[in-house]
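Only one structure is covered here, and it is reproduced in the block below.
Bear in mind these aren't lab numbers, they're just calculated from the coordinates by the rules spelled out. A quick note: this is a predicted structure, and the numbers were derived from the prediction, not measured. Ideal geometry is used to build each Cβ from the backbone, glycine not excepted, and the neighbour counts take in all protein chains shown.
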Amino acid sequence: MFTEETDVLVIGSGPGGGVVASTCAARGLSVMVLERGALPPVEGSPAARREHGEGPSLIERQPCDDRTVWCNDVPRQMYVGGRAGGSSGIYGAALLRPQPVDFEPGAAYGARLPSELWRWPIRYDEFEPWLQRAERLCGVAGALQRDFQPCRAADGGGLPSELPLAPINQRVLGRLQRAGHHVWRLPLAIDADRCLRCDQCAGVPCPTGARWSALRVLTTAGQSCRSLILKPRTEAVRLEHAAGRIDGLEVCNRDDGRHYRIRARRYVLAAGAIGTAALLLASGIEHAQLGRNFMYHCSPVVVGLFLSSTGGRRTFIKQLGVSDYYNGTPDLPQKMGIVQSLPAPGPVLLAKNGLRALPVPLRQWLRDHMLPMVGIVEDLPSPENRVQLSGDGQIHLHHRFSAFDLQRAGALTRGISRLLKTAGARLTVAGKMPPAEHVGHQCGTARFGHNRQHAVLDPQCRTWSHPELYVADASFMPTSLGVGPALTVIANALRVGEILCNEL
């Protein structure tokens, strides 16, 4: 079998893989990045314009991973990024810091979780410098209150310019602040000078590249470092290993079906919590916790309907966050997470979600008078929620939210409804929970820790059995945090990249 060689081989080009790869290339190491999906259409091209909409992206899922995953025994196409750049090609660009309590969730959950399921092997104060570096790397802009995740300016300068607040958000911000709520502007990794203020930002590819993505990091690194090579349409098949060492990775060119091998001094898995676990399982790398404790946030959505226009059908309105319920609601004082605004769903999505009988003009009117908000409920890790492979190599995902997760989601739904009514909504409607294939914020299948009995990875995110094999996506997380994991993944990838470079 033909063999290629490199210093560092990265499987997956999303935020974790892209940041590790660019870090290593900047230090002079030769790097190959494998991406199962294709390159996205060139920004501004007719192909890019055609797919910039809810039909191609949110219904047909053209930018998503094209694999079938058997989710609770039902075949589905998961709503995760499937092109170069991974999910950063379709995410909402809200990069939020976790809180110190997120690294010690045992204090919040008590006897509900054994310590081996929630313990982080790194303290928040040790991790915070990497969060700061990640914010600078991604150009995060956002004026946040000092009592919730302050966003520090980069050395020698201020924060990037922010998108102007939409009029509805100016009104909501003022009303909620006057009522004593902890409301703030979301920290967004969006270049205000290039942003078109699209009404449907999250979920669709950015037409101008204003939204930070891992592909941009890889492209910039590739232009300045000739030693970095991105290989799209290249699928990792199996890690070859013997006597505790990785001998190489068998890969397949998805265009011509050719199989060959790549050998490296270090290997980095960053294929997502599902993909990374599946590849390790397919390679026969064994650990009792591998693939287990799959998590994604239990995320209730509530829509507020206003008499005056919110601009939901014309402009970007996903701009506000609320931290009142991070540690619970008045009726359920248990740890949850943030609340944030969302874009108004388009007419096709509204039809799919039960409003097909309404004519399109009426659906558009509804869009223009709604402000959706979503809650983040930190779902607790459970070994029963897991990724497995069948005998024929099919990926099977088993996941159920616990009764405790659903109880907190119900309490947060009531809290969001109260927020929206305080903000001026005349009517609130609780939406359905996201469908099973919408595993936003997936994490946890290869947790890191101090104890190899309970953790797949050591504190440096190396596998215990193969020290040249790292993991740099959200698989490493022991718990799911009260915010989205993107900034935490990027920060950890910077940390892992530094560890790896120092080794080599």
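With each run of n ≥ 4 DSSP H residues scored as -39500 (n - 2.57), what mean residue ellipticity at 222 nm is computed for the chain after dividing by its residue count and rounding to the nearest 500 deg cm²/dmol? Spell out each step's value before the answer.
Numbers: 12 runs with 124 residues, N = 504.
Here the helix-only value at 222 nm equals -7500 deg cm²/dmol.
Among 10, 80, 360, 31, which comes first, then next, by fewest other beta-carbon atoms within 10 Å? List each step's numbers first, then the result.
Details: 10 33, 80 24, 360 11, 31 28.
So the ranking, lowest neighbour count to highest, is 360, 80, 31, 10.
About the Cα centre, and with charges only on the beta carbon of Lys, Arg (+1) and Asp, Glu (-1), how big is the dipole of the chain? Nearest 20 debye, please.
Details: 56 positive and 45 negative charges, 296 e Å.
My answer is approximately 1420 debye.
Taking R0 as 22 Å, what's the FRET efficiency between residue 73 and residue 112 from their Cβ-Cβ distance, rounded to 0.05? Could the numbers behind the result be given before it?
Details: r = 27 Å, r/R0 = 1.25.
That pair, residue 73 with residue 112, gives E of 0.20.
Would you mind pulling out the separation of the Cα centroids of the stretch 5-43 and the stretch 55-108, in Å?
Using only Cα atoms, the two centres lie 19 Å from each other.
Taking Cα atoms, how many degrees apart are the long axis of helix 214-224 and the longest axis of the chain, rounded to 10 and kept between 0 and 90?
50 degrees
Would you mind ranking 239, 9, 406 so that the residue whose beta carbon has the fewest other beta carbons within 10 Å leads the list?
Numbers: 239 22, 9 29, 406 16.
Sorted ascending by nearby Cβ count, the order is 406, 239, 9.
Positive end of the dipole of the chain, charges at C-beta (+1 Lys, Arg; -1 Asp, Glu), about the Cα centre: which of 297, 387, 474 has its Cα farthest in that direction?
About the Cα centre, the residue reaching furthest to the positive side is 297.
Which Cα, out of 501, 375, 490, lies furthest along the positive dipole direction of the stretch 363-504 (beta carbon charges, K/R +1, D/E -1)?
375
Taking a spot 7 Å from the Cα of residue 224 along the direction of its beta carbon, which residues of the stretch 2-45 have an amide N less than 12 Å from it?
Backbone N within reach: 22-28.
Cα atoms only: what Rg and Dmax, in Å, come out for the stretch 1-149?
Final numbers for Rg and Dmax: 19.5, 58 Å.
Please find the FRET efficiency linking residue 123 to residue 498, where r is the Cβ-Cβ separation and R0 is fixed at 30 Å, and quote it to the nearest 0.05. Before the final figure, lay out the partial values.
On the way: r = 17 Å, r/R0 = 0.58.
About 0.95, to the nearest 0.05.
Need the full-extension length gain, residue 396 to residue 39, defined as separation in residues times 0.36 nm minus the C-alpha distance. One decimal, nm.
Details: separation 357, 0.36 × 357 = 128.52 nm, distance 2.67 nm.
Answer, rounded to one decimal: 125.8 nm.
In 10 Å bins starting at 0, how do the alpha-carbon pair distances of the stretch 3-503 split up by percent?
So the P(r) values, bin by bin, are 4, 20, 32, 28, 13, 3, 0.
Between the helical axis of 486-503 and the dominant principal axis of the chain, each derived from Cα atoms, what acute angle in degrees is found, rounded to the nearest 10?
Tilt of helix 486-503: around 20 degrees.
At what distance in nm do the modelled label points of residue 365 and residue 327 sit from each other, each positioned 7 Å from its Cα along Cα→Cβ?
4.6 nm
So how do 458, 193, 392 line up by other beta-carbon neighbours within 10 Å, fewest first?
Working: 458 17, 193 9, 392 5.
Ranking 458, 193, 392 by Cβ neighbours within 10 Å, fewest first, gives 392, 193, 458.
When the Kirkwood radius is taken over all Cα pairs of the stretch 196-283, what Stokes-Einstein diffusion coefficient follows at 10 °C and 1.306 mPa s, in µm²/s? If you can, show how the numbers build up before the last one.
Working: Rh = 15.8 Å.
Diffusion coefficient, whole number: 100 µm²/s.
Testing the spin-label approximation: label points 7 Å from Cα along Cα→Cβ at residue 358 and residue 433. State their distance in nm.
2.5 nm
Working from Cα positions, state the angle (0 to 90°, nearest 10) between the long axis of helix 15-26 and the longest principal axis of the chain.
50 degrees
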